[in-house]
Amino acid sequence: MSSDKIKTWIDASRPKTLAAAFVPVLVGAALAWKDGAIHWPATSVALLCAFLIQIGTNFANDYFDFKKGADTNERIGFQRATASGLVAPKTMLNATIISMALAFVSGLYLVWIGGWIVLLIGLLSLLFGVLYTGGPYPLGYNGLGDIFVFIFFGIVAVMATYYVNALEWSEASFWASLAVGALCTNILVVNNLRDVEQDRVSGKKTLGVLFGEQTLKAEYTLMLLLAYAIPPHFYFMLDYSEWIFLPLALLPIAFLHAKTIWVETDKRQLNPQLEKTAKFMTLFGILFSIGIIL
C-alpha cells in the first residue's frame with residue numbers, strides 16, 4: 001500500500017476525534033485504579049475496542065453520508081474519502097464491517113470476564129455506531145446524534161470500562177461519565193455548527209438545523225458547565241481530595257473555546273476549533289484522571 005493510500009485511510013479514521021474513544025477508558029480505568037480494582041488486560045482490550053468502534057463509526061459516517069448525499073462539493077469540513085473519490089463506496093463499507101468485526105472479536109475477552117451484560121453493551125455500541133448515519137432512521141439525521149454520543153461515548157463507555165475492571169458498578173463512574181459525555185458531545189456540536197448550512201440543504205436534521213445555531217452555541221456552553229460541575233461533586237459529595245480540582249487549570253482555555261463558538265462567523269475556522277475541542281477533552285480527561293488517582 002502506497003504512502004498516499006495509508007494517509008487516506010488514516011484521515012478517514014478521523015484521528016482528531018479519537019479523544020472520544022481514549023478519554024472514557026482513561027477515566028474509567030483511573031477510577032478502578034483508585035478503588036484498587038485495576039485489571040490491565042481488561043483495560044487494554046477495552047481501549048482497543050473503543051478505538052475500533054470509533055474508527056468503524058467514522059468509516060460508516062463516511063460511507064452513509066456519501067450515499068445519502070450529505071457530503072457535497074460545498075462541504076467546508078475535513079475531506080471525506082468516499083465523497084472525494086479517494087476510496088470506493090464498497091471499499092469503505094467493507095472497512096466499516098472489518099472494524100466493527102474486529103471490535104466484536106476483541107470484545108469477546110471482555111464478555112468472558114464480565115458476562116452477558118458486557119455482550120449486550122458491546123452489541124448495542126456496534127449497532128448504534130452504524131445507525132448513527134445508517135439504517136432507516138439514522139440518529140444523526142434526526143436530531144438524536146448528541147444524545148447518542150453523550151450516552152455511548154460518555155455514560156456507557158466510562159461505566160463499562162470500570163465494570164470490566166472491578167466487575168461491579170460504581171456511582172463515581174456514573175458521575176465521571178457525565179463530564180466525559182459532555183466534552184465528547186461538544187466535538188459533535190462544533191461539527192454540526194460548522195456544517196449547519198450543508199446539513200439543511202441535504203435534509204440532515206441536526207439540532208442546529210432544527211433549532212438554529214444559537215441552540216448549538218448554548219449547548220456547547222452548557223456542556224462545558226456540566227463538565228466543570230463534576231469535580232466539585234466529587235470533592236463535596238464523594239469525599240475526593242483537592243487534587244480532583246486539577247481540571248480547573250484549563251478554565252481559561254474553556255472560556256476561550258466558548259468565546260470562539262459564540263463570536264466566530266467564518267465557518268471554516270471551526271475546523272481548527274473542532275481539533276482544539278478534542279484536545280481540550282483529552283487534557284481535561286488526563287487531569288481529571290490524575291486527580292482521581294491522587
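Within the stretch 13-31, how many residues turn out to be over 11 Å from the mean Cα position of the chain (by Cα) and either within 18 Å of P231 (Cα to Cα) or buried (at least 24 other Cβ atoms within 10 Å of the Cβ) (or both)?
So the answer is 7.
Okay, residues lined up against (1) more than 24 Å from P24 (Cα to Cα); (2) touching a helix residue (DSSP H, G or I) at 6+ places or on another chain (Cβ under 8 Å); (3) touching a residue at least 12 places away in the same chain (Cβ under 8 Å); (4) charged (D, E, K, R):
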residue: G203; (1), (2), (3), (4): yes, yes, yes, no
residue: T215; (1), (2), (3), (4): yes, yes, no, no
residue: H233; (1), (2), (3), (4): no, yes, yes, no
residue: T277; (1), (2), (3), (4): no, yes, yes, no
residue: F280; (1), (2), (3), (4): no, yes, yes, no
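Mind checking whether some residue in the stretch 166-177 is under 14 Å from the mean Cα position of the chain (by Cα) and touching a residue at least 60 places away in the same chain (Cβ under 8 Å)?
Scanning the stretch 166-177 turns up at least one residue that is under 14 Å from the mean Cα position of the chain (by Cα) and touching a residue at least 60 places away in the same chain (Cβ under 8 Å).
Among the residues of the stretch 85-111, which ones are over 26 Å from D4 (Cβ atoms), of a type outside the set (A, V, I, L, M) and surrounded by fewer than 23 Cβ atoms within 10 Å (Cβ to Cβ)?
Once the filter is applied, which keeps residues that are over 26 Å from D4 (Cβ atoms), of a type outside the set (A, V, I, L, M) and surrounded by fewer than 23 Cβ atoms within 10 Å (Cβ to Cβ), the stretch 85-111 yields F104, S106, Y109.
Would you call Y132 crowded, with 21+ Cβ neighbours inside 10 Å, aromatic (F, W, Y) and modelled with pLDDT of 90 or more?
No.
Could you figure out which of (1) surrounded by fewer than 17 Cβ atoms within 10 Å (Cβ to Cβ); (2) closer than 29 Å to K34 by Cα isn't true of L246?
Status for L246: all satisfied but (1).
Taking interchain pairs and intrachain pairs at least six residues apart, which have beta carbon atoms under 6 angstrom, with the first residue in the stretch 248-275 and assigned to a helix (DSSP H, G or I) and the second β-branched (V, I, T)?
Pairs that qualify, where the first residue is assigned to a helix (DSSP H, G or I) and the partner is β-branched (V, I, T), are A258/T221; K267/I76; R268/I76; L270/V190; Q273/V190; Q273/T260; L274/V190.
Every residue in the stretch 199-243 that is at pLDDT 95 or above, among the charged types (D, E, K, R) and either within 20 Å of I151 (Cβ to Cβ) or within 20 Å of the chain's Cα centre (by Cα) (or both), please.
Listed by number, the residues that qualify are K217, E219.
Out of G115, G140, G77, I need the residue that is at pLDDT below 90 and surrounded by fewer than 23 Cβ atoms within 10 Å (Cβ to Cβ). Which one?
G77
Report whether or not T221 is under 30 Å from P138 (Cβ atoms), part of a helix (DSSP H, G or I), polar (S, T, N, Q) and out of contact with any Leu (no Cβ under 9 Å at 6 or more places or on another chain).
On the way: under 30 Å from P138 (Cβ atoms): yes; part of a helix (DSSP H, G or I): yes; polar (S, T, N, Q): yes; out of contact with any Leu (no Cβ under 9 Å at 6 or more places or on another chain): yes.
So T221 fits the description; yes.
Could you count how many residues in the stretch 32-42 are assigned to a helix (DSSP H, G or I) and surrounded by fewer than 21 Cβ atoms within 10 Å (Cβ to Cβ)?
4
The values are calculated or read from the model by the stated rules, or taken from the named source; none is laboratory data. Quantities reported herein were computed from a predicted structural model and do not represent experimental measurements. Positions of Cβ are generated from backbone atoms using ideal geometry, with glycine treated the same way; all protein chains shown enter the neighbour counts.
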